[in-house]
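For reference, the structure discussed in these notes is given below.
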Amino acid sequence: MPEFGCLVGEGARVPILAAGPAGIARAIEVLRAGGTVAFPTETVYGLGGLAFDRLAVARIFEIKQRPRFDPLIVHVLDRAMLEEVALELSPIAERLAERFWPGGLTLVLGKREAVPDLVTAGAPTVAVRIPSHPVARALLAGLQAPIAAPSANPFGALSPTRAEHVAKALGASVDLILDAGRSDHGLESTIVAFDPGPVLLRPGAIPVEAIEAVVGPLTRPREGAVLAPGRLPQHYAPRTRLQVIDPSQVPKHERTHAAALTLCDEFPGYAAAERLSPTGDLRQAAARFFEALHALDAIGLERIDAQPLPETGLGLAMMDRLRRAAASA
Ligand code: TXA
Ligand code: MG
């Protein structure tokens, strides 16, 4: 792991620091001064800025080339810090918070007036989560202030699960990247809103079944409701064209210029392949999911053939990402 700024990609100087005490102290300085820091969370890497600093938040939108209508997730240390950004939790929200925080669940709650409109894209709600990753928590504890952080990738592209993914995709436009190796979950947080019953806005790191075990069935958003742009039909896309197809259906001669992304099966004749989990374990597969896509994308083949995954547990979130990636092809 580099200890100091290193050369990555097209010669841009990207400061990557190991997420030890010195790196964390530097990141706190950068954030406090209004800068942006890419940092590890248990789900994916985030691109953070102080949530109450409008300029820092504007910079996040600029770096990601993210449309201003797409609101950011605010990360808080604990329930006390939550009160600075969100109104009181409903009893259902309370049950979810108790069960899944700290962790990979984002709740869309009523927002406090103090939260800049830019963060919430003018919505009366704010998406919040209490992360469990020790580095994210150390930043929040050091700053004693909420951090707005979308995933640290260009808008619509694959999410980063390693510091190198951030360096490659965003380069020197970020003030600092903290490196703590691979994100545990490897999928973005699950997002739940309230209408007033719980509504699933994005499947993610916490399986829907686990949430439903606590609060009963989740509904899907009504047509025409304000959508999480992670729900845009085209999103999470590699540059290489991707199709969701069982590789066994692909004739041998069409495999030679393509890559296969599979759960555990192997198919002969592909130019490259990534198996997400030799034992077919969906948790392990999720942790490697974006990393495998980044790796296959980097080869620059004609096509990625992604095998359909079982749509239970984390398979649901991965299939959601694959379909959106395929829609961008
Ligand atoms: O795991 C994660 O959630 C990562 C890490 C860094 O925390 N963050 C992340 O952020 O995935 P982002 O910006 O890539 O996705 C946030 C999603 C977007 O689709 C956005 O539209 C939705 O959350 N969102 C944010 N605020 C919202 C709100 N007030 N109402 C509805 N959706 C909202
Ligand atoms: Mg994202």
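So, of the residues in the range 123-164 that are in a helix (DSSP H, G or I) and buried (at least 24 other Cβ atoms within 10 Å of the Cβ), which turns out to be farthest from ligand 2 (Cβ to nearest atom)? Reasoning before the result, please.
Our first condition is that a residue be in a helix (DSSP H, G or I); within the range 123-164, this holds for 134-143, 163-164.
From what is left, the residues that are buried (at least 24 other Cβ atoms within 10 Å of the Cβ) are 136, 139, 163.
Values: Ala136: 16, Leu139: 19, Ala163: 17 Å.
Restricting to residues being in a helix (DSSP H, G or I) and buried (at least 24 other Cβ atoms within 10 Å of the Cβ), the top hit is Leu139.
What tally of residues in the range 45-74 results from selecting those that are in contact with a Gly (Cβ under 7 Å, 6 or more places away or on another chain) and within 16 Å of ligand 2 (Cβ to nearest atom)?
Number satisfying all stated conditions: 2.
Go through Ile73, Ile60 for me and flag whichever is in contact with a Pro (Cβ under 7 Å, 6 or more places away or on another chain) and more than 21 Å from Ser132 (Cβ to Cβ). Spell out how you get there, then give the answer.
Working: Ile73 fails: more than 21 Å from Ser132 (Cβ to Cβ).
Going through Ile73, Ile60 in turn, just one is in contact with a Pro (Cβ under 7 Å, 6 or more places away or on another chain) and more than 21 Å from Ser132 (Cβ to Cβ): Ile60.
Can you find, within the range 165-190, the residue that is farthest from Ala317 (Cα to Cα) among those that are open to solvent by 10 Å² or more (accessible area, probe 1.4 Å) and aliphatic (A, V, I, L, M)?
Ranking the candidates gives Ala172 first.
The values are calculated or read from the model by the stated rules, or taken from the named source; none is laboratory data. Computed from a predicted structure; not experimentally measured. We place every Cβ from the backbone using ideal geometry, glycine too, and count neighbours over all the protein chains shown. Accessible surface is based on the protein model in full, side chains and every heavy atom, while ligands, DNA and RNA are left aside. Shrake-Rupley method; radii C 1.70, N 1.55, O 1.52, S 1.80 Å.
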